[in-house]
1. Tell me, which residue of the stretch 296-344 that is polar (S, T, N, Q) and not in a loop (DSSP other than H, G, I, E, B) is modelled with the highest pLDDT?
2. Are any of the residues in the stretch 227-234 in a loop (DSSP other than H, G, I, E, B), modelled with pLDDT of 95 or more and surrounded by 13 or more Cβ atoms within 10 Å (Cβ to Cβ)?
3. Determine, yes or no, whether K242 is out of contact with any His (no Cβ under 9 Å at 6 or more places or on another chain) and modelled with pLDDT of 95 or more.
4. Give just the number: which of (1) assigned by TED's automatic domain parsing to the domain that holds I366; (2) among the basic types (K, R); (3) more than 30 Å from L368 (Cα to Cα) does R218 not satisfy?
5. Being closer than 30 Å to Q120 by Cβ, assigned to a helix (DSSP H, G or I) and either β-branched (V, I, T) or free of Cβ contacts under 8 Å to residues at least 24 places away in the same chain (or both) is true for just one of R218, R258. Which residue is that?
6. Against the condition more than 22 Å from G119 (Cβ to Cβ) and modelled with pLDDT under 95, how does S205 come out, does it pass?
7. Considering the stretch 128-150 alone, what residues qualify as being within 26 Å of the chain's Cα centre (by Cα) and in a loop (DSSP other than H, G, I, E, B)?
8. I need a count of the residues in the stretch 151-210 that are surrounded by 15 or more Cβ atoms within 10 Å (Cβ to Cβ), acidic (D, E) and part of a strand (DSSP E or B).
Amino acid sequence: MKVLRGYKTELDINNKQRTACAKHAGAARFAYNWGLVRRKQAYEETGVTLNAVALHRELNALKKTEFGWMYEVSKCAPQEALRNLDRAYANFFRRAKVKKNGNHNGKVGFPRFKKKKDGQGKFRLTGTIKVFKKHIQLPRLGVLKLREEEYLPISGVKILSATVSQRADRWYVSIQCEVEIPDPEPSDKPVCGVDLGVSRLATVSDDTKIENPKALRRNLTKIKRLQRVVSRRKKGSANRKKAVIQLAKAHARVANIRENALHQATSLLSKTKSAVVLENLNVSGMLKNHRLAQAIADVGMGEFGRQMAYKGEWYGCEVLFADRFYSSTKTCSACHHVKDSISLSERMFKCEACGFEIDRDLNASINLENLFSTASSAGSNACEEDVRPASEQADLRETGTKLLSTYV
């Protein structure tokens, strides 16, 4: 079967190439902001909005008179930025429709202007893109050196686009490829339930414990110190820019540690299990508890579920999400007695009915595994009520129902 895969690696470029990338990012940011203004004006004057094609025609006409500097960059950068604006509008109207039906409580998110102070940003290129062992060739930018050799696929894939982005004074390139992979074959791998937590990233029903790196907590002291340094520097000075870069690098390190832990955990589960049952956590609601919000956000529970969903399709692992109101933590995995309540301080589950005693996270993961077995034996009707496939999870999340959050 054909799947879309992304590969991202760091660029090893000189100052001239950095300037060229910054110009492309600036052109993309300008086109996005210009298109947002034009769409607002057109709607106020005519009541009809403009799409990306119409905006690109107008922008091309203005290049000859007002925006001659845009000839210095590839035409793909502003063109793809206007397409991004189209998607932003589509997402806004979709969420507005869901909110009107009463299925969405958050903000609908009207498109906002992009600011240079938030970073150089990124831009997407299409057309002729070639990957070599140590280099990548991009339209208008030419051949750029890669910091990591032989990571990007050289052959056997169809490259659809390349996105160049800047983060913490480093430039990265990611390519979107269409890859042909073999269809997953039925296997006799075990089924498991996974309970996500704060003290441990995940507890699997086979008593496998995946530790939480606690990336933010371990680097918080350094981040606070660097933030104080930034606040003490004069705005607009060279020293403040240097301090901002140091702070950005510290934040990037935290994000990379968290991302690495999530990818290792999800890859391990999707490759070694035939089915995985996860809790359908209301992460956005959990973050309203200000005593635990920082620790919960440091885990990346929503990202864990998102990665499991697409990796399950790749490796033939069925990913299911339990109903949000299923009491996996308060239910005894031995006798199925449900406790009235259990506090966060109780790390051991003690059943009042049968006296069974077990780690509370392991107990919850076993209940999730049992839920899959019960639903499978009872038939499809029970499965639809108690657990949902990952594909349905994504569709319901788009319609605004409170399912798995994508917050990281």
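1. Q307
2. yes
3. Yes; evaluated as a whole, the condition is true for this residue.
4. Status for R218: all satisfied but (1).
5. So the residue among R218, R258 that is closer than 30 Å to Q120 by Cβ, assigned to a helix (DSSP H, G or I) and either β-branched (V, I, T) or free of Cβ contacts under 8 Å to residues at least 24 places away in the same chain (or both) is R218.
6. yes
7. I129, R147, E148, E149, E150, listed by residue number.
8. 1
The values are calculated or read from the model by the stated rules, or taken from the named source; none is laboratory data. Given the structure is predicted, the values throughout are model-derived calculations rather than measurements. Please note: Cβ atoms are built from the backbone with ideal geometry, for glycine as well, and neighbour counts cover all protein chains shown.
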